[in-house]
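S.K.: Here's a structure for you.
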Amino acid sequence: VPGHYIESIQVFADMYVELQAVAQIVGLQQPVKVKVSILDRGGVVATKQGINNRVKLNVKNAKLWSPSSPFLYDLDIQLLEAKDKVLDQISSYAGFRTVGKACDKDGNWQFTLNGKPLFQLGPLDQGWWPGSFLLPPSDEAIVWEMNFLKEAGFNMIRKHKKVEPRRYYYHADRIGFVIWQDQTSGGS
């Protein structure tokens, strides 16, 4: 990597079609410019530059992410010098969505996705794979299992006391799964 680079990026995209990107930059002490472009199938739908590693932008008529319509936007993030020369560039993705809760007329709490109740149906997945025990043996195996679960009518997967490789969560976003991630407890 160059001397000045984007170490990591945090992206927050919500149902109100606002995207916030916060970049962690290595090698520069002065304020820097970060340019974020949002793409829909290769076409730029929004772009904006920000100072001090933080950019906020909106997408008009954005497609919201849901298990039945798992639409993801591509992101192009650039670190720019004073004269807009590109010092570093990374790619990522985002789905516009907001998870919440709402109380129905009978006083029962329900999960919501993008402001609407979402009945979540899915298995408790302990992530055990014959031959490799806790790790999926390949990227293809993750996709095969998720496609099988999708065809069976599930829209959620509850991960049982296990954190999967990052590719697992990418495929869940791409294929259309809400993930319930158990938190392990170390005691008091």
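S.K.: Kindly evaluate residue 132 against the criterion of being open to solvent by 30 Å² or more (accessible area, probe 1.4 Å), among the polar types (S, T, N, Q) and either in contact with a Cys (Cβ under 6 Å, 6 or more places away or on another chain) or at pLDDT 90 or above (or both).
M.R.: Taking the combined requirement at face value, the residue does not satisfy it.
S.K.: Residue 174 versus (1) open to solvent by less than 30 Å² (accessible area, probe 1.4 Å); (2) within 20 Å of the chain's Cα centre (by Cα); (3) more than 21 Å from residue 119 (Cβ to Cβ): which is the lone unmet condition?
M.R.: (1)
S.K.: Just to confirm my filter: which strands (runs of 3 or more DSSP E) fall fully inside region 4-57 and include at least 1 residues that are without any contact (Cβ under 8 Å) to a residue 24 or more places away in the chain and open to solvent by 60 Å² or more (accessible area, probe 1.4 Å)?
M.R.: Result: 5-13, 43-51.
S.K.: Conditions first: (1) at pLDDT 95 or above; (2) touching a strand residue (DSSP E or B) at 6+ places or on another chain (Cβ under 6 Å); (3) over 26 Å from residue 99 (Cβ atoms). Residue 43 passes all but one, so which condition is the exception?
M.R.: Just one mismatch for residue 43, condition (2).
The values are calculated or read from the model by the stated rules, or taken from the named source; none is laboratory data. If you're wondering where the values come from, they're calculated on a predicted model, not measured in any experiment. Cβ atoms come from the backbone with ideal geometry, glycine included; neighbour counts cover every protein chain shown. Heads up: the accessible areas ignore ligands, DNA and RNA and are worked out on the full protein's heavy atoms, side chains in. Shrake-Rupley method; radii C 1.70, N 1.55, O 1.52, S 1.80 Å.
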